[in-house]
Structures are given as C-alpha cells and as structure tokens.
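Okay, structure first, notes after.
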Amino acid sequence: MPTDSRKNHAGLSDFSDFPSLEKGTVWLVGAGPGAPGLLTLLASHAIGSADVIIHDALVGPDILELAPDGCALIFAGKRGGMPSAEQDDICDLMIAEARKGHRVVRLKGGDPFMFGRGAEECLKLSAAGIPFRVVPGISAGIGGLAYAGIPVTHRTTNHSVLFLTGHDRQGVVPSAVDWNGVARAAPVIVMYMALKHLGDIADRLIAAGRSSSDPLAIVSNATLPDQKVRRGTLGTVRTMLRAQGIAPPAIIVAGPVVELGERIHWYRDRLRSNGNG
Ligand code: SAH
C-alpha cells in the first residue's frame, strides 16, 4: 500500500471519513462495558456530534463527559432499584427528538444488540420512518470478561459459548429457557443480568446435569477501577454471593475458561492505577 494512502492516527481520529450523524436521525450506539477507552472510534464520533444523548444507567460519567457543550443528556434507565423508564416512552422520546431535527444518540452499555433492546428500538424507529444507524460496541460478556483475564473461547476448552439472560420481562428467571438444553449446549455459559437469581439459575443448571464443580466467576464493574472478580463453582454460588463487594452490574461465566483467568488475570494493581481507560 503506498504510504500516502495510509491513514495516520490523526486521519482516523478527526473522523473526516466517517459517516455523519445527520439532523433528524438516530444512532443506536454501544458504549462498551465501561472504560472510556473501550468506546469505538465511531461511538466516540457519534457522542461528539450529538444534540441529544439518551443514555442508560450503565453508561458512566467518564463517557458522558465526552458530549459536546450544549448537548442534552437524558437519562432513560434503571437506577437504585427504581422502575426503568418504559420502553415505549424511550422510543417515543427518540422519535420526538429526531422529528425536532436533532441529532440523536441512543447510548447503551456494551453492545446495543446484546440483551440491550436495540432491536426493539430499531423496529420502532423503522415503523416511524426515522433513519437510524447501529454502532456496535464491546459487550460485557466478551470485553468485560477479558478484563478478568477470562477468554470466552480457548482452543483446548471450548468450541462454543452460550449467552444467557438471567431476567425476563418480569424480572424473574426466564421461564421460557430450556434449562436442559442450556446445560448441555456449550461448555461455557456467559450470563447477563443474572446476579439476583444466580442461586436459582445454578440450581437449575445443576438439576439439568451440569456439574456442581463447574468453575464459575462473577465479575462486577468489569473494566472499571473498582472491578471485582470472585471465583468459585456452580455449587458454591450462594457462598460467593455473600462475599463483600459483589454489586451490579456483574457478568457471570461458568465453564473451564474460568480457570485460565487465574493465570491470565492481567488487570490489577499497577495496570489499574495506570489511567482509567
Ligand atoms: N448490552 C449490554 C448488556 C445489557 S444487559 C452489553 O452488551 O454488555 C445488562 C447486564 O450487562 C448487566 O446486568 C451485567 O450482567 C452486564 N454488564 C454490563 N456492563 C457491565 C460491567 N461493566 N461489568 C459487569 N457486567 C456488566
């Protein structure tokens, strides 16, 4: 490749070749698991171009700080156990803001399509005739676990991974889950929104044939300076949950890759204090 056609760092970071966030459109943007350095360039460009950002509780202040002066920040999510903003209201708000001619960013933790209701919002935008774009993000179930040194795949341990939500619309363990199927489907199970019902979920997996000695890790506040990692097994989750410092958000993983985390665990001490990125 001739040198002059190569992008240098400045060329990428001034975003000049990137799509522009047009007036009257909505971008559904994944903000990654928390550390601002895990935003994609396109996400960072979107935030910097927005007139309005409608964000979830999982999007932290370090990321919201990147919003331009004058940009309206609207919180639409769950906080402190309060009921979440109704999904229909959030969609109506996005549509109304776009119709006012604003550049709207709907900013979500992780990836918008990983248990993030991104698809529901796209369907509503599409039905309303509002142009939109999806900006994928690093999901907690991959990037968050990487900060605990846990790879979701490893050649000698697993050829598949299963992503599971521990909540259904009513906030209870999803009744529609085929637990026998889940227990057998993949050596590694990554669980989102599963902290509250983890004891129940572990019981169901064990009843469905999963070994109670399956290694399990709970990673709370993944990628953030107060990240905590607790390791145990499917059979010891109730004891693990009593340990100090396990608070939502937490991503949970069961399977042989958890053991690798003991050796690969790189995000600690010196690295943690070396900037919040
Ligand atoms: N779209 C998001 C997931 C939304 S569901 C994504 O792709 O990551 C919310 C769940 O994500 C939380 O209950 C938790 O299980 C997980 N999660 C998100 N951010 C996290 C973080 N920083 N640390 C641990 N878990 C996190």
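The values are calculated or read from the model by the stated rules, or taken from the named source; none is laboratory data. This is a predicted model, so every value here is computed, not measured. No Cβ is skipped: glycine too gets one built from the backbone with ideal geometry, and neighbour counts run over all protein chains shown.
Annotation note: Cβ proximity below 8 Å between a residue of the stretch 47-70 that is among the hydrophobic types (A, V, I, L, M, F, W, C) and a residue that is part of a helix (DSSP H, G or I) and at pLDDT below 95 (sequence gap 6+ or interchain) occurs for Ile54/Ile90. Against the test of being at positive phi and surrounded by 13 or more Cβ atoms within 10 Å (Cβ to Cβ), the options Gly101, Gly110 yield a single qualifying residue, Gly110.
Tell me whether the stretch 53-62 contains one or more residues that are away from the ligand (no atom under 12 Å from the Cβ) and assigned to a loop (DSSP other than H, G, I, E, B). Checked against the condition, which is being away from the ligand (no atom under 12 Å from the Cβ) and assigned to a loop (DSSP other than H, G, I, E, B), the stretch 53-62 yields no hits at all.
Does Ala186 satisfy the criteria of being among the hydrophobic types (A, V, I, L, M, F, W, C), out of contact with any helix residue (DSSP H, G or I) (no Cβ under 9 Å at 6 or more places or on another chain), within 16 Å of the ligand (Cβ to nearest atom) and in contact (Cβ under 8 Å) with a residue 12 or more places away in the chain? Reasoning before the result, please.
On the way: among the hydrophobic types (A, V, I, L, M, F, W, C): yes; out of contact with any helix residue (DSSP H, G or I) (no Cβ under 9 Å at 6 or more places or on another chain): yes; within 16 Å of the ligand (Cβ to nearest atom): no; in contact (Cβ under 8 Å) with a residue 12 or more places away in the chain: yes.
It is false that Ala186 is among the hydrophobic types (A, V, I, L, M, F, W, C), out of contact with any helix residue (DSSP H, G or I) (no Cβ under 9 Å at 6 or more places or on another chain), within 16 Å of the ligand (Cβ to nearest atom) and in contact (Cβ under 8 Å) with a residue 12 or more places away in the chain.
Can you give me the number of residues within the stretch 116-164 that are assigned to a loop (DSSP other than H, G, I, E, B), within 15 Å of Ile189 (Cβ to Cβ) and either among the aliphatic types (A, V, I, L, M) or modelled with pLDDT under 95 (or both)? Qualifying residue count, the stretch 116-164: 2.
For residues in the stretch 86-145 being of a type in the set (D, E, K, R) and within 9 Å of the ligand (Cβ to nearest atom), which is farthest from Ala50 (Cα to Cα)? This residue is Arg117. Within the stretch 219-254, being charged (D, E, K, R) and part of a strand (DSSP E or B) holds for Lys228, Arg230, Arg231.
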